[in-house]
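Undergrad: Take a look at the following structure, please.
Only the coordinates and a few stated rules stand behind these numbers; no lab work does. Quantities reported herein were computed from a predicted structural model and do not represent experimental measurements. Cβ atoms come from the backbone with ideal geometry, glycine included; neighbour counts cover every protein chain shown.
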């Protein structure tokens, strides 16, 4: 941020990338994996969708997670919430480069549930996300093609209704300056679209900022100009954060 679905024999890495950079899974021309390490998208809050096809109900839920353990906990919770359901199928994607991909058919014919669910997540460009589709069997067999379409569609509908958020790798920087200069630096930082964090007040103001690593020189120049060189700038660690807006 257990014993769970998603550990079956059909669980595994979900596809790869062509050398030219096109996504072989959905041929969308999305940015190659190796170029996507700086920013990526996930969802802000859980989203759900429900489809009914030939009397079978497909209940989809997608949720943000940051570890395999968290993803498996979501899957286990869905299974516990629907003990009478025939299947609880799942897929999840983790990491800025979507490197970790897992799926599970939970008793459906191999490749008809988890894989299309995973495809719906990957093709939407999402990561740090788990999808669970609970199926209540309606008595009518849908066939492999029908199942594949149903499971993918359920996840895709949940994705369509989700609030997305972009995560980016940012450098944490603190700036210590006098009250009047600190206010000027904050205004300039907001104007340039830099992340403005918490402030600590004492004889001077120390405020946190989040910037792309390559913007450090620019931030140092702004602070030095506005403070006549008096501001104290302390770079910190880099980490992925949610971008505002």
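Undergrad: Can you put 227, 90 in order, fewest other beta carbons within 10 Å first?
TA: Exposure proxy ranking, most exposed first: 227, 90.
Undergrad: Okay, moving on. Using r as the Cβ-Cβ distance of residue 81 and residue 140, and R0 as 22 Å, what FRET efficiency do you calculate, to the nearest 0.05?
TA: FRET efficiency, residue 81 to residue 140: 0.35.
Undergrad: Any chance you could tell me what percent of the C-alpha pair distances in the range 56-118 go past 18 Å?
TA: Tail of the P(r) past 18 Å holds 34 percent of the pairs.
Undergrad: For residue 196 paired with residue 237, estimate the spin-label separation in nm (one decimal), with each label point 7 Å from Cα along the Cα-to-Cβ line.
TA: Here the modelled spin labels are 2.6 nm apart.
Undergrad: So for the range 33-143, Kirkwood radius off the Cα pairs, Stokes-Einstein at 37 °C and 0.692 mPa s: how many µm² s⁻¹?
TA: 230
Undergrad: I want to make sure I understand the PRE zone here: with the label point 7 angstrom from the Cα of residue 48 toward its beta carbon, which residues in the range 105-135 have backbone N atoms less than 19 Å away?
TA: 130-135
Undergrad: Taking a point 7 angstrom from the Cα of residue 165 along the C-beta vector, which residues in the range 88-128 have backbone N less than 16 Å away?
TA: Of the residues in the range 88-128, 95-96, 126-128 have backbone N under 16 Å from the label point off residue 165.
Undergrad: Convert 37 °C to kelvin, take the viscosity as 0.692 mPa s, use the Kirkwood radius over C-alpha pairs of the range 168-242 as Rh, and evaluate the Stokes-Einstein diffusion coefficient in µm²/s, rounded to a whole number.
TA: Rounded, D is 272 µm²/s.
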